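Chemist: This structure is in C-alpha cells; I'll ask about it shortly.
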Amino acid sequence: MADLRIGVVGFGNRGSLAREAHRPGAGSRVVAVCDPAERARDEASAAFPDAVVAASLDELLDAGVDAVMVLTPDHLHATVAIPALEAGAAVFCEKPLAISLDDCDRILDAARRTGSRLYVGHNMRHMPVITLMRDLISSGRIGEVKAVWCRHFVGNGGDYYFKDWHADRSRSVGLLLQKGAHDLDVIHWLAGGYSARVSGVGALAVYGAIDDRRDRSAERVEEWFSLDNWPPTAATGLNPVVDVEDISQVNLVLDNGVLGSYQQCHFTPDYWRNYTVIGTEGRLENLGDTPGSEVRLWNRRHGTAAPADETYLVPDAAGGHGGADALMIAEFVAFARDGGPTLTSPVAARQAVAAGLQATASIRGDGGLLPVPPLDPELVAYFDAGQPA
C-alpha cells in the first residue's frame with residue numbers, strides 16, 4: 001500500500017506531530033511543508049530532506065498531497081483548513097478547531113460540502129488516563145454520570161502561554177479556549193453530552209503585573225522554558241501583549257442534565273489535571289495523569305474520607321502526551337485513507353470551542369449564565385455518521 005502523502009502547514013511548536021506522521025514505508029510520509037518563517041523552513045528541510053519546502057499553501061497543495069496537517073497558530077486554522085478541504089485533501093486540524101464559532105462552522109460546512117475528511121487533533125481522547133476513566137464509566141462502574149469536575153493546575157503556564165502569541169486575546173481569545181478546549185472536550189466526553197449553558201469568573205491575577213516584556217516571535221518554547229523559572233511573579237520576557245486570564249473558574253450545564261465545572265490556574269507549582277466524575281452509584285478520581293498514575297474508584301458507603309474501593313494504574317505508553325500523540329496520528333492516517341469511526345469528533349471539537357468562547361464572554365461580562373449556540377442538526381448528523389462519502 002502506498003504511503004499517504006502528507007503536507008504540513010506550520011512547522012513550529014507542534015512540529016512534533018508532523019514528525020510523528022512521517023513513517024515512510026509504513027503508511028505515511030511528509031512530502032511538503034509550508035511555513036512563513038525561514039527558521040521553520042530550514043528545520044523542515046532537515047527533518048524531511050525529500051519534501052518540498054513550499055513558499056505558499058497553493059504550492060503545497062500542488063505537490064500532490066493526499067492530506068494536510070494544519071499546525072499553525074489557532075487564529076489561522078480556517079484560512080488553511082478550508083482551502084485544503086476544497087482542494088480535496090483530508091485535513092488534520094490541531095485543536096482548537098478555530099477561535100470563532102463562525103470559523104468553526106465554516107470549516108465543518110466545507111468538509112460536508114466537499115466530502116473531504118476532517119479530523120481535529122483532540123489528543124486527550126487517546127490519553128491512557130482518560131480512556132481508562134471513560135471505559136470505567138461506560139462499563140457502568142459508577143452508575144449514571146451526574147457531575148464532572150476538572151481542576152487543571154498549569155504549573156508551566158508562564159512559560160507555555162504568556163511568552164508568545166497565546167497571551168494575546170486577538171490571536172487566542174483566551175486560555176479557556178486555547179488550553180481549556182482539551183478539558184472541555186473531555187468533560188463533554190465523560191459526561192456524554194455538550195454544554196448548553198455556561199458561566200464563569202476569572203482574572204489576570206499574576207502575569208499582568210509583570211512589566212518585563214519582549215518579542216519572542218523568532219524563538220521557540222524550549223529556548224525560554226525552565227523549571228527554574230520560579231516563582232511566577234519573577235517571570236521575565238513575557239509577550240508584549242498580555243491580556244488573557246491566568247486563572248478562571250467555569251460552571252457548565254450540559255444538554256443531558258449533567259453539571260460540570262472547570263478550574264484552570266497558570267501559576268501553580270505543579271502541572272497536572274484532576275478529574276472527578278460522580279455517578280448514581282459511585283465516583284472516579286485520577287491522582288496524576290501520566291502513565292503509572294492512579295485512577296481511584298469509590299462505590300461503597302463510607303462514613304468519612306476513605307481509601308478507594310478499587311484502584312487502577314494508568315497504563316504505560318510511549319510518546320508525547322502519555323502516548324496519545326502517536327495513537328492520534330495513527331488514527332488520523334487510517335481515517336484519511338479509509339474513513340470509519342474515530343475517537344475524536346469535529347462536532348465535539350466545535351462544541352468545546354463554543355463552550356470556551358461563551359465562558360470567556362461570561363468572565364469578561366457580568367459572570368452570568370450564557371447559552372451555547374447549537375449546531376445545524378443536519379451538520380451534526382453528517383459528522384455523527386462518520387462523514388459518509
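The values are calculated or read from the model by the stated rules, or taken from the named source; none is laboratory data. Here the structure is a predicted model, which means the values were calculated and not measured. Heads up, the Cβs are rebuilt from the backbone with ideal geometry, glycines too, and the neighbour counts pull from every protein chain shown. The area values use the complete protein model at the heavy-atom level, side chains included, leaving out ligands, DNA and RNA. Shrake-Rupley method; radii C 1.70, N 1.55, O 1.52, S 1.80 Å.
Chemist: For the stretch 97-106, indicate whether the set of residues that are more than 23 Å from residue 325 (Cα to Cα) and of a type in the set (A, V, I, L, M, F, W, C) is non-empty.
Modeler: Looking for residues that are more than 23 Å from residue 325 (Cα to Cα) and of a type in the set (A, V, I, L, M, F, W, C), one finds at least one in the stretch 97-106, hence yes.
Chemist: In the set 199, 248, 195, which member is of a type in the set (Ser, Thr, Tyr), touching a strand residue (DSSP E or B) at 6+ places or on another chain (Cβ under 9 Å) and either surrounded by fewer than 23 Cβ atoms within 10 Å (Cβ to Cβ) or at pLDDT below 95 (or both)?
Modeler: Checking each option against the conditions leaves just 199.
Chemist: Another question, then. Considering each of 346, 371, 307 in turn, give the residue that is within 27 Å of residue 200 (Cα to Cα), modelled with pLDDT of 95 or more and open to solvent by 20 Å² or more (accessible area, probe 1.4 Å). Walk me through how you get there before you give the answer.
Modeler: Working: 346 fails: open to solvent by 20 Å² or more (accessible area, probe 1.4 Å); 307 fails: within 27 Å of residue 200 (Cα to Cα).
From the options 346, 371, 307, the qualifying one is 371.
Chemist: A follow-up question, please. Free of Cβ contacts under 8 Å to residues at least 60 places away in the same chain and exposed (fewer than 15 other Cβ atoms within 10 Å of the Cβ): does that describe residue 339? Spell out how you get there, then give the answer.
Modeler: Numbers: free of Cβ contacts under 8 Å to residues at least 60 places away in the same chain: no; exposed (fewer than 15 other Cβ atoms within 10 Å of the Cβ): yes.
It is false that residue 339 is free of Cβ contacts under 8 Å to residues at least 60 places away in the same chain and exposed (fewer than 15 other Cβ atoms within 10 Å of the Cβ).
Chemist: State which residue is modelled with the highest pLDDT when the search covers only the stretch 310-336 and only residues that are open to solvent by less than 80 Å² (accessible area, probe 1.4 Å) and part of a loop (DSSP other than H, G, I, E, B).
Modeler: Our first condition is that a residue be open to solvent by less than 80 Å² (accessible area, probe 1.4 Å); within the stretch 310-336, this holds for 310-312, 314-315, 317, 319-320, 322-326, 328-336.
Filter once more, keeping what is part of a loop (DSSP other than H, G, I, E, B): 314-315, 317, 319-320, 322-323.
Working: 314: 96, 315: 93, 317: 79, 319: 72, 320: 74, 322: 75, 323: 82.
Going through the qualifying residues, I end up with 314.
Chemist: Would you tally the residues in the stretch 32-54 being within 18 Å of residue 80 (Cα to Cα) and out of contact with any strand residue (DSSP E or B) (no Cβ under 6 Å at 6 or more places or on another chain)?
Modeler: Going through the stretch 32-54 one residue at a time, the tally reaches 4.
Chemist: Which numbered condition in (1) within 30 Å of residue 279 (Cα to Cα); (2) open to solvent by less than 60 Å² (accessible area, probe 1.4 Å); (3) acidic (Asp, Glu) is the only one that residue 255 fails?
Modeler: In the conditions (1) within 30 Å of residue 279 (Cα to Cα); (2) open to solvent by less than 60 Å² (accessible area, probe 1.4 Å); (3) acidic (Asp, Glu), residue 255 misses (2) alone.
Chemist: Count, please, the residues in the stretch 151-195 that happen to be more than 24 Å from residue 277 (Cβ to Cβ) and of a type in the set (D, E, K, R). Outline the logic, then answer.
Modeler: Residues of the stretch 151-195 that are more than 24 Å from residue 277 (Cβ to Cβ), as a first pass: 156-174, 178.
Narrowing further to those that are of a type in the set (D, E, K, R): 159, 163-164, 168-169, 171.
Result for the stretch 151-195: 6.
Chemist: When the residues of the stretch 276-293 are filtered to those that are of a type in the set (Gly, Ala, Ser) and outside any loop (DSSP other than H, G, I, E, B), which remaining residue is surrounded by the fewest Cβ atoms within 10 Å (Cβ to Cβ)?
Modeler: The qualifying residue surrounded by the fewest Cβ atoms within 10 Å (Cβ to Cβ) is 282.
Chemist: Within the stretch 62-85, how many residues turn out to be more than 24 Å from the chain's Cα centre (by Cα) and surrounded by fewer than 22 Cβ atoms within 10 Å (Cβ to Cβ)?
Modeler: Number satisfying all stated conditions: 3.
Chemist: Still on this structure, I have one more. Within the stretch 160-187, work out how many residues are closer than 20 Å to residue 104 by Cα, of a type in the set (Ser, Thr, Tyr) and open to solvent by 20 Å² or more (accessible area, probe 1.4 Å).
Modeler: 1
Chemist: Counting just the residues of the stretch 138-157 that are open to solvent by 10 Å² or more (accessible area, probe 1.4 Å) and either in contact with a helix residue (DSSP H, G or I) (Cβ under 7 Å, 6 or more places away or on another chain) or among the aliphatic types (A, V, I, L, M) (or both), which one comes out nearest to residue 249 (Cα to Cα)?
Modeler: If we filter the stretch 138-157 for residues that are open to solvent by 10 Å² or more (accessible area, probe 1.4 Å), which is where we start, we get 138-141, 143-147, 149, 151, 153, 155-156.
Adding the requirement that they be either in contact with a helix residue (DSSP H, G or I) (Cβ under 7 Å, 6 or more places away or on another chain) or among the aliphatic types (A, V, I, L, M) (or both) leaves 145, 147.
Details: 145: 21, 147: 16 Å.
Checking each candidate, the answer is 147.
Chemist: Identify the single condition in (1) farther than 30 Å from residue 163 by Cα; (2) open to solvent by 60 Å² or more (accessible area, probe 1.4 Å); (3) free of Cβ contacts under 8 Å to residues at least 40 places away in the same chain; (4) part of a loop (DSSP other than H, G, I, E, B) that residue 296 does not satisfy, given that it satisfies every other one.
Modeler: Exception for residue 296: condition (4).
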